[in-house]
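What follows draws every value from the coordinates through simple rules; no lab data is involved. Since we're looking at a predicted model, the values are computed, not measured. Cβ: placed from backbone, ideal geometry, glycine included. Neighbour counts: every protein chain shown.
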Amino acid sequence: MAQILKTFFLKLRASTAGSSLVELAMIMPILLLILVGTLDMGSMFMRKMELSNAAKAGIQYAMVRKPVQGDLTNIRNAVRSSLGTSMTPGTEVAVELYCICNNVKQLCTTDCTDENVSAFVNIEVKEDYTTPYFNYDWFISHFPIRESATIKLN
């Protein structure tokens, strides 16, 4: 009996059949983790481009229809409508109208003695991105994405 087991283990040790399968089983989890991470990061960059395009849509709206008396609601609505159904409850849209007077940033309602006053609209869209394929809470709890665009109105 001992001789039979000894010859079996010697043959098993000398055999290379199945070693490729063992190597594949060892490397497959690492390859799958890399693949899923690539898909998650790709979808995050796609979402970042969507936020960038929404900020640009708000800028385009501000260029065509300049804010009247500081009312920025229509610009904010243009950003939100550009996002459409992809807007999540955590998506924040901030629109700011400010002027540069004597090289100082201030509200446009303030009187300015400088004849070279410039009005600007700044749009910032931000959200905490949640990955669709894998949970990375062990690494980082959320991925903040922020896009902004600014235009000089005059």
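Ranking Glu127, Glu23 by Cβ neighbours within 10 Å, fewest first, what do you get?
Glu23, Glu127
Calculate how steeply helix 19-64 sits against the longest principal axis of the alpha-carbon atoms of the chain, using the helix alpha-carbon long axis, and give the answer as 0 to 90 degrees to the nearest 10.
The angle comes out at about 10 degrees.
Hey, got the dipole for the chain? About the Cα centre, +1 on K and R Cβ, -1 on D and E Cβ, debye to the nearest 20?
About 760 debye.
Taking Cα atoms, how many degrees apart are the long axis of helix 2-14 and the longest axis of the chain, rounded to 10 and kept between 0 and 90?
40 degrees
In straight Cα distance, which aspartates and glutamates are under 20 Å from Lys105, not counting same-chain residues fewer than 8 positions off?
List returned: Asp71, Glu96, Asp114, Glu115, Glu124.
Under a 10 Å cutoff between Cα atoms, tell me which one of Leu107, Leu24, Leu83 has the largest fluctuation in the Gaussian network model of the chain.
Leu24
How about the range 56-154: which trypsin sites (Lys or Arg not before Pro) there are in a DSSP loop, with at most 12 other Cβ atoms within 10 Å of their Cβ?
Arg65
Compare the Cα positions of Leu39, His142, Leu72 along the charge dipole of the chain (+1 at Cβ of Lys, Arg; -1 at Cβ of Asp, Glu; about the Cα centre) and return the one farthest towards the positive end.
Leu39
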